[in-house]
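Below you'll find the structure, written out as structure tokens, and then a few comments.
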Amino acid sequence: MQTYKPEKVHKIIFKISGEVLAGDKGFGIDLSAVNQLIDELISVKELGYSIGIVLGGGNFFRGLSETGKYLNRFVADNVGMLATIQNALIMSELFNKKNYSTEIFSAIQIDKVAKFYIPSRANTSMNEGKICFFCAGIGNPFFTTDTAAVLRAIELKADLVLKGTKVDGVFTSDPLKDKNARFIEDISFDDVLKDRLTVMDMTAFSLARDNHMPIKVFNVSKKGSFKKAIRSKEVGTFIHD
């Protein structure tokens, strides 16, 4: 069984939900929450890590929302992909205002605002030290941004997927609903499946397991949690072979 080795982590793909960008507002963009998120990511960048970011789009549109009930799934998912592009554009611009270089890569062609995603092109940008955003999911409906984050990590040979959530990591049950839920510091892919723990959607999780891509789940709302999740074995839940 693997143990988490911070010294082996150099290239990271962050998966951050759109809801994090909405903050307490619950919808759209909360600039206070976004700036706090950017400061956390900058603190990681300043340590020399190579960073890629996959954002969800739930702060603008959710396929299971009231509107989504009236749309075909593929239409709703396409709207969701556009929402992730909006988020990437906003965050990229805010990084630029802080003098950090970024690049936006989209899985669907939208040349006026983002480069079309090609792994070699994205690798070049990451190697140049740019903070890279990967938006529009994988470019197809029926796949979540969790799957996109894992896929991009595999394609770009990242060392770790860091999935930001509203809780401290993986628990034996939902800690927001069950006060007896027990925190799990370290767990294998097989045990997650055996215990039917909700880590991310099963397509994403299966892809990570089959390609030996480790995942760490951590709480994005705690100050300093980004650095701590990378550098400390005790912060977040490490999921591995």
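The values are calculated or read from the model by the stated rules, or taken from the named source; none is laboratory data. It should be emphasised that the depicted structure is a prediction, and the values quoted were computed from it without experimental measurement. Neighbour counts are summed over all protein chains in view; Cβ atoms, including those assigned to glycine, are modelled from backbone coordinates with ideal geometry.
In a residue-by-residue description of the range 59-81, the property of being within 15 Å of the chain's Cα centre (by Cα) and of a type in the set (A, V, I, L, M) applies to at least one position. Scanning for something part of a helix (DSSP H, G or I), among the charged types (D, E, K, R) and more than 18 Å from the chain's Cα centre (by Cα), does the range 196-204 turn up at least one residue? There is no residue in the range 196-204 that is part of a helix (DSSP H, G or I), among the charged types (D, E, K, R) and more than 18 Å from the chain's Cα centre (by Cα). Checked against (1) surrounded by fewer than 23 Cβ atoms within 10 Å (Cβ to Cβ); (2) assigned to a helix (DSSP H, G or I), residue 212 passes all but a single condition, namely (2). Candidates 77, 30: the one that is acidic (Asp, Glu), out of contact with any Asp or Glu (no Cβ under 6 Å at 6 or more places or on another chain) and farther than 18 Å from residue 139 by Cβ is 30.
Listed by first and then second residue, the pairs with beta-carbon distance under 8 Å, at least 6 apart or on different chains, first residue in the range 182-206 and of a type in the set (Gly, Ala, Ser), second surrounded by fewer than 15 Cβ atoms within 10 Å (Cβ to Cβ) and assigned to a loop (DSSP other than H, G, I, E, B), are 188/1; 188/241. Among the residues of the range 131-153, how many are under 21 Å from residue 42 (Cβ atoms) and without any contact (Cβ under 8 Å) to a residue 60 or more places away in the chain? Total satisfying the criteria: 0.
Residue check: is residue 123 surrounded by fewer than 22 Cβ atoms within 10 Å (Cβ to Cβ), in contact (Cβ under 8 Å) with a residue 12 or more places away in the chain and of a type in the set (S, T, N, Q)?
Numbers: surrounded by fewer than 22 Cβ atoms within 10 Å (Cβ to Cβ): yes; in contact (Cβ under 8 Å) with a residue 12 or more places away in the chain: yes; of a type in the set (S, T, N, Q): yes.
Taking the combined requirement at face value, the residue satisfies it.
In the range 91-111, the qualifying residues are those that are over 19 Å from the mean Cα position of the chain (by Cα), closer than 18 Å to residue 137 by Cα and not polar (S, T, N, Q), and the one that is surrounded by the fewest Cβ atoms within 10 Å (Cβ to Cβ) is 111. Being of a type in the set (D, E, K, R) and assigned to a loop (DSSP other than H, G, I, E, B) is a property that does not hold for residue 191.
Selection over the range 95-111 of residues that are among the β-branched types (Val, Ile, Thr) and assigned to a loop (DSSP other than H, G, I, E, B) gives a count of 2. Out of the range 40-72, which residues are modelled with pLDDT under 95, of a type outside the set (D, E, K, R) and surrounded by fewer than 16 Cβ atoms within 10 Å (Cβ to Cβ)? Residues satisfying the conditions are 64, 65, 67, 70, 71, 72.
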